[in-house]
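The next block holds one structure in the form of structure tokens; read it before the comments.
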Amino acid sequence: MSSNGNRSEIEIATDAIVAELAEGERFLITTHEGPDGDALGSTLALQEALTQLGKDSLMFLAEKEFPLPIEYRFLPLQEVFHEAPADLVDRTVIFLDCGNIDRMPVDWLRSGKRMLNIDHHHDNTRFADVNLVDVGASSTAEIVFDICRRLGVEISESIAQALYVGLITDTGQFMYENTDARTHRVAAELIESGVDVNGTFRRLYERVPEAKLKLIARALERIDRRLRRHRGRRDAHRGDHRLRARDRGDFGGGSRAGQAGRPSRGAQGQPPLDRRFRGRFGDRQEDGGRRTPAGRRLLDRSQLRRARRVPQRRDARRACLTAPSPLSAPGSSPATSRPG
Ligand SMILES: [Mn+2]
């Protein structure tokens, strides 16, 4: 791999960018839509760096980006512009962390005096007048750190803080493959410049919004209620369990409904169907349930729910009820089969 060739290419681009920043007077810094930690951190850091050098610099983000995701709201972005400045044509527009101009779909941004492109995405389309695309950098923050150094900018606590946010968010807290020795060296220097490491991690990763917590709590409560209801129902009908098991054995669901009345039942030693149904609806007084005037058991709410859940079994029962009983069927009835 021509890493030497690559490096010199990046060196050349870095020199060109540094020259643009050093010589320019008015700037407008922007990034990609839906900005992440790297986008916001690099923007803030470069804004402060250019201001420190006495430049007139503005930051732009569309109004729709606000409010930002909760984890980024601690960043000091109060001075971000949402509109085109009147002197846009005199400003050099700097795109940070933006691999493609369509990732910042605000057309007037292309009407600046110059366009600079500082990024680390491997698929960067190099859309600007000067493009510094360092795919070996973990983050745009890492590149901006390098630029600051070359411009002789003092890495203040706030610049360090902003760049550190870009560094840890784009490297997944130094876990991704883009993390290397250079990343850690930059991190070390930022920490030496005053980054509140623990506080930054806490702000970025431990601030769960109250609304989200409430939502999770509600969902857990609902699951708990369902579990309790399910257990209660199970316990209440445990006595009914054996009967239900027998029902299943006898009817086996809707598909076997048509076979339920076949004469071989008696041969299997099972009671005739009409007797079984009398038992189900008429004889079971011991369950204490409410009954219709005809003696049918009224289902309580949970039993109804259960019955609705297995409609095919109810249909099977109805089919059995209306099917001719083997006892009353002509030919098998004692009355008609009796000789004489
Ligand atoms: Mn990035």
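Structure notes:
- Residue match in segment 45-65 (condition: within 15 Å of the ligand (Cβ to nearest atom) and within 25 Å of Ser138 (Cβ to Cβ)): yes
- Segment 55-99 - residue that is in contact with a Pro (Cβ under 8 Å, 6 or more places away or on another chain) and of a type in the set (A, V, I, L, M) and, of those, surrounded by the most Cβ atoms within 10 Å (Cβ to Cβ): Leu61
- Flag for Ala62 being in contact with a His (Cβ under 9 Å, 6 or more places away or on another chain), among the small types (Gly, Ala, Ser), closer than 30 Å to Gln173 by Cβ and at pLDDT 95 or above: yes
- Members of segment 12-44 that are in contact with a helix residue (DSSP H, G or I) (Cβ under 9 Å, 6 or more places away or on another chain), more than 16 Å from the ligand (Cβ to nearest atom) and among the acidic types (Asp, Glu): Asp15, Glu25
The values are calculated or read from the model by the stated rules, or taken from the named source; none is laboratory data. Because the structure is a prediction, the values reported are computed rather than measured. Methodologically, a virtual Cβ is constructed for each residue, glycine included, from the backbone with ideal geometry; neighbour enumeration extends over all protein chains shown.
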